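K.L.:
Before I ask anything, here is the structure I am working with.
We did not get these values from a lab; they are worked out from the coordinates using the rules stated. Just so we're clear, the structure is a prediction, and the values are computed from it rather than from any experiment. When we count neighbours, we look across all protein chains shown, and the Cβ atoms used for this are built from the backbone with ideal geometry, even at glycine.
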Amino acid sequence: MRDFFSTMNKTAVIDHIVTWLRNCSEQSGTRGFVIGISGGIDSALTSTLCAMTGKPTLCLNMPIRQHAAEYNRGHEHMQWLVKKYPNTSIAEVELTGVFTKLEEALPTEIQDWLTMANSRARLRMTTLYAFACHHKYLVAGTGNKVEDFGVGFFTKYGDGGVDLSPIADLMKSEVYALAQELGIVQSILTAKPTDGLWADGRSDEDQIGATYDELEWAMRFLEDPKDFSKLSSREEKVLDIYTRMNKANKHKMEAIPVCVIPEELK
């Protein structure tokens, strides 16, 4: 499905995002950007776009019992970025010890796999904001459109806790198209997408049950539904996965409910 966007003006889109990032930083009175590097395509593209602004860009590696392949891809990308953009810097905070302390403090009965995976993401968010506060940087989000507004595949107040989202209006296929245009390292371009929250290196597809190409198809299909009777059994399954996740994760994608008090009660 990535050939859907072969006609996209990649240079113009890249220039638009870079200008938008630069304007956001200047209007907010901040100095630059900090991005968490996972070894995946989204953080690789986001960090490159931030670096292209010419503003200080800090790439932060935050391993928590990290799978070696993810760590190595992230390291390779950061080394490439530093050589290409002198305004880029690298830092690493080993969070395994902090995560272990959290495990020791929490009751064992609440430590299911999802709770602890989300806790990893929230530890990383806290770390990103520590650096952002100290340096007067903006935390740049790395979520794409399918994740952020389709299936809600992110951690609330984890990787969803950011100051701005430069690629959240890009489908995953568009992320790949821009990454290829910018020369992102091959190991990241060919790796299976992963959220980096699992020591066994499981991919996003393993967790979701569908590829991003399939989810992108479902998102576009539902925006302009065609004849459901002509769908294959696999397409029906993908639509079910997409709609189920979209419904379950609405609370992440919508504004926090506020209890508005009627004036006559005040």
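K.L.:
To the nearest 20 debye, what is the magnitude of the charge dipole of the chain about its Cα centre, counting +1 on the Cβ of each Lys and Arg and -1 on the Cβ of each Asp and Glu? Before the final figure, lay out the partial values.
P.N.:
Numbers: 29 positive and 36 negative charges, 125 e Å.
The dipole magnitude comes to about 600 debye.
K.L.:
Determine how many Å³ per residue the convex hull of the Cα atoms of the range 2-204 encloses. Each step should come with its number before you reach the end.
P.N.:
Details: hull volume 22.7 nm³, N = 203.
Residue-normalised Cα hull volume stands at 112 Å³.
K.L.:
Another question, then. Go through 146-159, 245-258 and give me the packing order, highest mean Cβ count within 10 Å leading.
P.N.:
146-159, 245-258
K.L.:
Oh, and also: Which pairs in the list 136/192; 83/136; 145/266; 84/250; 101/247 are over 30 Å apart, alpha-carbon to alpha-carbon?
P.N.:
Numbers: 136/192 34 Å; 83/136 24 Å; 145/266 41 Å; 84/250 39 Å; 101/247 34 Å.
Check vs 30 Å cut-off fails for 136/192; 145/266; 84/250; 101/247.
K.L.:
Take residue 113 and residue 22, extend 7 Å from each Cα along the Cα→Cβ direction, and tell me the distance between the two endpoints in nm.
P.N.:
4.6 nm
K.L.:
Sticking with this one: Using amide H atoms built in the peptide plane, which far-off residues or other-chain residues are under 5 Å from residue 160 H to H?
P.N.:
Those qualifying (amide H under 5 Å, at least 5 residues apart or on another chain) are 155.
K.L.:
When the Cα centres of the range 91-123 and the range 43-79 are compared, how far apart do they sit, in Å?
P.N.:
Here the answer is 21 Å between Cα centres.
K.L.:
To continue, here is another question. Would you mind computing, in nm to one decimal, how far apart the modelled labels at residue 69 and residue 256 are, each placed 7 Å from Cα along Cα→Cβ?
P.N.:
3.8 nm
K.L.:
May I pose another question? Stretched out fully, how many nm does the piece from residue 182 to residue 12 gain, at 0.36 nm a residue minus the Cα gap?
P.N.:
Details: separation 170, 0.36 × 170 = 61.20 nm, distance 1.25 nm.
Value of the extension gain: 59.9 nm.
K.L.:
Between residue 237 and residue 103, what is the label-point separation in nm under the 7 Å Cα-to-beta-carbon projection?
P.N.:
3.3 nm
K.L.:
What fraction, in whole percent, of alpha-carbon pairs in the range 160-208 exceed 16 Å separation? Can you show the working numbers first?
P.N.:
Working: 639 of 1176 pairs.
Distances greater than 16 Å cover 54 percent of the Cα pairs.
K.L.:
Once R0 is set to 41 Å, what does the formula 1/(1 + (r/R0)^6) return for the Cβ-Cβ distance between residue 207 and residue 87, expressed as a FRET efficiency to the nearest 0.05?
P.N.:
0.70
K.L.:
Okay, moving on. In debye, nearest 20, what is the charge dipole magnitude of the range 56-150 about its Cα centre with +1 on Lys and Arg Cβ and -1 on Asp and Glu Cβ, if you could check?
P.N.:
Working: 10 positive and 10 negative charges, 94 e Å.
Value, rounded to 20: 460 debye.
K.L.:
Hey, how many Å between the Cα centroid of the range 130-197 and the Cα centroid of the range 229-250?
P.N.:
Cα centroid of the range 130-197 versus Cα centroid of the range 229-250: 23 Å apart.
K.L.:
Starting from the Cα-Cα distance between residue 129 and residue 221, subtract it from 0.36 nm times their residue separation and give me the gain in nm to one decimal. It would help to have the intermediate numbers written out before the result.
P.N.:
On the way: separation 92, 0.36 × 92 = 33.12 nm, distance 3.73 nm.
The span from residue 129 to residue 221 would gain 29.4 nm if fully extended.
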